[in-house]
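Following: one structure in structure tokens, then a few remarks.
The values are calculated or read from the model by the stated rules, or taken from the named source; none is laboratory data. Quick caveat, the model's predicted, so the values are computed rather than measured. Cβ: placed from backbone, ideal geometry, glycine included. Neighbour counts: every protein chain shown.
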Amino acid sequence: MIIEGKKVVSVGYTLTTPNKITDEETVVEKTDPEVPLVWLYGAGSMIPDFEENLKGKKAGDHFDFRIKAENGYGLYDESYVAQIPLDAFRGKDGTLDTTMVKLGNTLPMMDNQGNHLQGTVKEISLTEVKMDFNHPMAGKDLHFTGDIVDVREPSKEELEHGHVHGEGGHHH
């Protein structure tokens, strides 16, 4: 069975990103051979170029492809970096939770329209916290290598829900 339409796809892969100066690649993510990535192909849950590069492949096929940053998680955008008053992070009692608000931590935030965001703490001063709301992989080219483990028809329930159930998928 080939990857097309709405199929349940299982892949084992390694994701690396190239260093723009040396071209050396850094491993970002690697699936465990016992726990492949499983998803409903064509349901919109994956990067479109990732799915496009797998289209037409079948179980046992190897893949090796690259996705430019702008077609992956997007280009890094300086306008997604914001200075937020330190007081916005204080509790009702006026104290600052320094276990949460520390360099490198990713915090759940909400903008003034009620949209949920994830921001990474980049700097902390006496009055402000510099937060980066870019995706952690923004601005990075992606290099995927791996193998197609399985391709199968989805169940009626998986199609209705738009995601995989059971082994490697979602559990209700």
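Within the stretch 63-102, track down each residue that is in contact (Cβ under 8 Å) with a residue 60 or more places away in the chain and either more than 23 Å from K140 (Cα to Cα) or in contact with a Phe, Trp or Tyr (Cβ under 7 Å, 6 or more places away or on another chain) (or both). Break it down stepwise before answering.
Pass one, the stretch 63-102, residues in contact (Cβ under 8 Å) with a residue 60 or more places away in the chain: 63-69, 72-77.
Correct list: F63, F65, I67.
Can you name every residue in the stretch 37-48 that is at pLDDT 95 or above and loosely packed, with under 15 Cβ neighbours inside 10 Å?
Within the stretch 37-48, just P48 meets the criteria.
Could you tell me which of the residues K92, K57 is surrounded by 15 or more Cβ atoms within 10 Å (Cβ to Cβ) and not β-branched (V, I, T)? Walk me through it before giving the result.
Details: K92 fails: surrounded by 15 or more Cβ atoms within 10 Å (Cβ to Cβ).
Of the residues listed, the single one that is surrounded by 15 or more Cβ atoms within 10 Å (Cβ to Cβ) and not β-branched (V, I, T) is K57.
Based on this model, can you work out whether E123 counts as modelled with pLDDT of 95 or more, of a type in the set (D, E), touching a helix residue (DSSP H, G or I) at 6+ places or on another chain (Cβ under 7 Å) and outside the structural domain of N53 (by TED's automatic domain parsing)? Please lay out each step first, then the result.
Details: modelled with pLDDT of 95 or more: yes; of a type in the set (D, E): yes; touching a helix residue (DSSP H, G or I) at 6+ places or on another chain (Cβ under 7 Å): no; outside the structural domain of N53 (by TED's automatic domain parsing): yes.
When the stated conditions are applied, E123 does not pass them.
Hey, among the residues in the stretch 1-30 that are surrounded by fewer than 17 Cβ atoms within 10 Å (Cβ to Cβ) and of a type in the set (S, T, Y), which one's farthest from H165 (Cα to Cα)? Before you say what the answer is, go through the steps one by one.
Going through the stretch 1-30, the residues surrounded by fewer than 17 Cβ atoms within 10 Å (Cβ to Cβ) turn out to be 1-2, 4-6, 14, 18-30.
This time we only want the ones that are of a type in the set (S, T, Y), so: 14, 22, 26.
On the way: T14: 23, T22: 42, T26: 32 Å.
The extreme case among them is T22.
When you scan the stretch 100-172 for strands (runs of 3 or more DSSP E) that lie fully inside it, which ones turn up with 3 or more residues that are among the aliphatic types (A, V, I, L, M) and touching a strand residue (DSSP E or B) at 6+ places or on another chain (Cβ under 9 Å)?
Numbers: elements: 106-110, 116-124, 128-132, 142-152.
Hits in the stretch 100-172: 106-110, 116-124, 142-152.
Looking only at the stretch 67-86, which residues are of a type in the set (A, V, I, L, M) and part of a helix (DSSP H, G or I)? Step through it out loud before you land on a result.
Here is the first cut: in the stretch 67-86, the residues of a type in the set (A, V, I, L, M) are 67, 69, 75, 81-82, 84, 86.
Hits for the stretch 67-86 are A69, L86.
Among the listed residues G104, G169, which satisfies the condition of being buried (at least 16 other Cβ atoms within 10 Å of the Cβ), more than 17 Å from I47 (Cβ to Cβ) and either of a type in the set (G, A, S) or at pLDDT below 95 (or both)? Even if it seems obvious, please write down each step before you answer.
Numbers: G104 fails: buried (at least 16 other Cβ atoms within 10 Å of the Cβ).
G169 is the lone residue from the list that is buried (at least 16 other Cβ atoms within 10 Å of the Cβ), more than 17 Å from I47 (Cβ to Cβ) and either of a type in the set (G, A, S) or at pLDDT below 95 (or both).
Of the residues F89, F63, which single one is outside the structural domain of L37 (by TED's automatic domain parsing) and among the aromatic types (F, W, Y)? Give the steps one after another, and end with the answer.
Numbers: F63 fails: outside the structural domain of L37 (by TED's automatic domain parsing).
Every option except F89 fails the conditions.
May I ask you to say which residue of E51, E34, E24 is of a type outside the set (S, T, Y), closer than 30 Å to L159 by Cβ and at pLDDT below 95? Spell out the reasoning first.
Numbers: E51 fails: at pLDDT below 95; E24 fails: closer than 30 Å to L159 by Cβ.
Answer to the selection: E34.
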